[in-house]
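Here the structure comes first, spelled out in structure tokens, and everything after it is commentary.
The values are calculated or read from the model by the stated rules, or taken from the named source; none is laboratory data. It should be emphasised that the depicted structure is a prediction, and the values quoted were computed from it without experimental measurement. As a convention, Cβ positions derive from the backbone with ideal geometry for all residues, glycine included, and neighbour counts pool all protein chains shown. What goes into the accessible areas is simple: the full protein's heavy atoms, side chains included, and nothing from ligands, DNA or RNA. Shrake-Rupley method; radii C 1.70, N 1.55, O 1.52, S 1.80 Å.
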Amino acid sequence: MQLNAERIDVSGISETPWSIVSSALVPDFMGVPDLVSYLKAHDEDDSASLAPFHTHFYHRFALPFQCLVLALVAAPLGIAYSRRGSLGGIAASIFIFFSMIFVNDVFLNLGKGSHLPPWLTVWIPNAAYGLLGGLMLYLRSQH
């Protein structure tokens with residue numbers, strides 16, 4: 001250890017100020033650039049402690065596709081062949097919307113807990129509801 005009036009040089013420490021400060025960050029409120037820099041600074045950490053950051057990184061890219069999936073699910077519910085009204089379709093779409101939020105949160109927490117691979121957990125709800133929407137659209141087109 002060498003003491004100087006302006007700075008102190010300590011050998012054998014690999015931490016940077018960013019890696020020390022960033023250890024208190026929460027991945028829920030970080031953007032993609034912050035998540036990338038966090039993952040680069042903490043690449044030597046174990047996968048269980050980095051799982052929330054990897055999950056939210058992949059979630060940032062899967063989230064826009066949720067809008068497309070919800071539109072695919074809502075489209076067949078808006079098609080009405082009879083004069084009975086659209087209240088049943090509206091109620092079903094509200095139920096499906098809230099169930100998608102619930103399923104998305106469940107799988108997001110499974111990824112954050114490193115129970116499933118992070119890239120898979122964010123795409124399972126999109127794939128499941130996308131298949132549901134495609135099936136409903138096909139059945140509605142066949143009347």
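Looking at the range 72-100, I want the residues that are closer than 17 Å to Gly134 by Cα and of a type in the set (A, V, I, L, M, F, W, C) and have a partner that is modelled with pLDDT of 75 or more and exposed (fewer than 11 other Cβ atoms within 10 Å of the Cβ) with Cβ atoms under 9 Å, at least 6 apart or on another chain. Which pairs are those?
Every condition considered, the pairs that remain are Ile79/Ser141.
Based on what the data block shows, is Gly85 small (Gly, Ala, Ser), at pLDDT 85 or above and farther than 19 Å from Ser23 by Cβ? Reasoning before the result, please.
Values: small (Gly, Ala, Ser): yes; at pLDDT 85 or above: no; farther than 19 Å from Ser23 by Cβ: yes.
Answer is no for this residue.
Can you tell me how many residues within the range 90-131 are part of a loop (DSSP other than H, G, I, E, B) and loosely packed, with under 12 Cβ neighbours inside 10 Å?
Number of matching residues: 1.
Would you please list the contacts, defined by Cβ atoms under 9 Å and residues six or more apart or on different chains, that run from a residue in the range 29-52 that is within 11 Å of Pro118 (Cβ to Cβ) to a residue that is open to solvent by 90 Å² or more (accessible area, probe 1.4 Å) and at pLDDT below 85?
So the pair list comes out as Leu50/Asp43.
Could you list, in sequence order, all residues of the range 17-62 that are at pLDDT below 85, outside any helix (DSSP H, G or I) and open to solvent by less than 80 Å² (accessible area, probe 1.4 Å)?
Residues satisfying the conditions are Leu25, Val26, His42, Asp45.
Mind telling me which of the residues Leu70, Leu77 ends up being open to solvent by less than 50 Å² (accessible area, probe 1.4 Å), more than 28 Å from Leu35 (Cβ to Cβ) and either basic (Lys, Arg) or touching a Ser or Thr at 6+ places or on another chain (Cβ under 9 Å) (or both)? Before the answer, list the steps.
Numbers: Leu70 fails: more than 28 Å from Leu35 (Cβ to Cβ).
Matching residue, one of Leu70, Leu77: Leu77.
Go through (1) of a type outside the set (S, T, N, Q); (2) within 15 Å of the chain's Cα centre (by Cα); (3) surrounded by 13 or more Cβ atoms within 10 Å (Cβ to Cβ) one by one and return the number of the condition Gly134 breaks.
Unmet condition: (2).
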